[in-house]
1. Among Arg263, Arg224, Arg124, determine the one that fluctuates most according to a GNM of the chain built with springs between C-alpha atoms less than 10 Å apart.
2. Out of residues 5 or more away from Gln34 or on other chains, whose amide H comes under 5 Å of its own, with H placed 1.01 Å from N in the peptide plane?
3. Please determine, in degrees from 0 to 90 and to the nearest 10, the orientation of helix 116-132 with respect to the longest principal axis defined by the Cα atoms of the chain, where the helix direction is its Cα long axis.
4. Mark the label point 7 Å from the Cα of Ala31 along Cα→Cβ and return the residues of the stretch 238-270 whose backbone N is within less than 14 Å of it.
5. Between Asp105 and Arg91, 0.36 nm times their residue separation minus their Cα-Cα distance comes to what?
6. Largest first and in whole Å, what are the equivalent-ellipsoid semi-axes of the stretch 221-271 based on the Cα gyration tensor, each being the root of 5 times an eigenvalue?
7. What nm distance separates the two modelled labels at Ala131 and Glu151, each placed 7 Å from Cα along Cα→Cβ?
8. How much FRET efficiency would the formula 1/(1 + (r/R0)^6) give for Gln234 and Ala52, where r is the Cβ-Cβ distance and R0 is 25 Å, rounded to 0.05?
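The values are calculated or read from the model by the stated rules, or taken from the named source; none is laboratory data. In this text the structure is predicted, and so the values were computed from the model without any measurement. FYI the Cβ positions are ideal-geometry reconstructions off the backbone, even for glycines, and counts take in every protein chain you see. The area values use the complete protein model at the heavy-atom level, side chains included, leaving out ligands, DNA and RNA. Shrake-Rupley method; radii C 1.70, N 1.55, O 1.52, S 1.80 Å.
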Amino acid sequence: MRALLRLCLLALLACAAPAAMADAQRIVFPAEVQQGAMVIGKVPPGSRVEHAGRNLRVTGYGSVAFGIGRDHSGPAEVRVTRPDGTAETIRIAVGARDWPLQRVDGVPSATVDPPPQVAARIQREQAQVAAARVEDRPLTGFAQHFTWPVEGRISGRFGRARVYNGKPGAPHSGMDIAAPTGTAIRAPAAGVIILAEPDLYITGGTVLIDHGHGIGSNFLHLSRLDVKAGDTVQQGQIIGAVGATGRATGPHLHWGMTWFDVRIDPQLVLERAP
């Protein structure tokens, strides 16, 4: 009887092994995403993954992440080369979105038409922020299910074309959440603080979190900073407080997200199915 059971077990293992091997070689990406999406895919661990001219970092368990820009058109292509040398090109359909116009009046005129000296300062500060986003750290906060950093009414949505005091500006790069000055801001996912500046000209109190694999969050117009560059933060940890510093007409939190220099929509990230 024992010999028979052993033979049955060996037969089951023999049948399961090919299925397990096939599953380990699977490549899984969403068939379709929207402009502004964060895309997370699954590849065989040890694969080489390329998208938009970048080699994507792959976790030890085979997850990869990248972002789709606001104005991306056509399918997003991902090239995956497995450890055994076989390769596939995945094409992800990108759905276009409607971008309404938003008028923002009452903004301090010096932040809309800054004098030359101030313009030079703004350029330096923007370069500082851009330099903080180039790292590709092996962190895995990006894979968490993001939570709201504050509770409040959405007063500005990602991607909308904006007119400041009647003058056309850049599209809105994040989501604005109206909340009283002093409201605690919590990290929506784990990561490392890569920039913490209390007084940037346009964005005021500014904090950037790197969630890993190029995915980052930025929080603008803060009245108080509770973290410094280099700090490790956990999901839900307080990083500062809502304010109206920089170019703001009232207290709110601007929460933006990026994949390196590609801006993505925090609201789509929040809507990811668990």
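1. The residue with the greatest mean-square fluctuation here is Arg124.
2. Gly95
3. Around 20 degrees separate the two axes.
4. none
5. Working: separation 14, 0.36 × 14 = 5.04 nm, distance 4.16 nm.
Gain on stretching Asp105 to Arg91: 0.9 nm.
6. Each semi-axis is the square root of five times an eigenvalue, giving 19, 17, 11 Å.
7. Result for the modelled spin labels: 4.1 nm.
8. Values: r = 30 Å, r/R0 = 1.21.
After rounding to 0.05, the efficiency reads 0.25.
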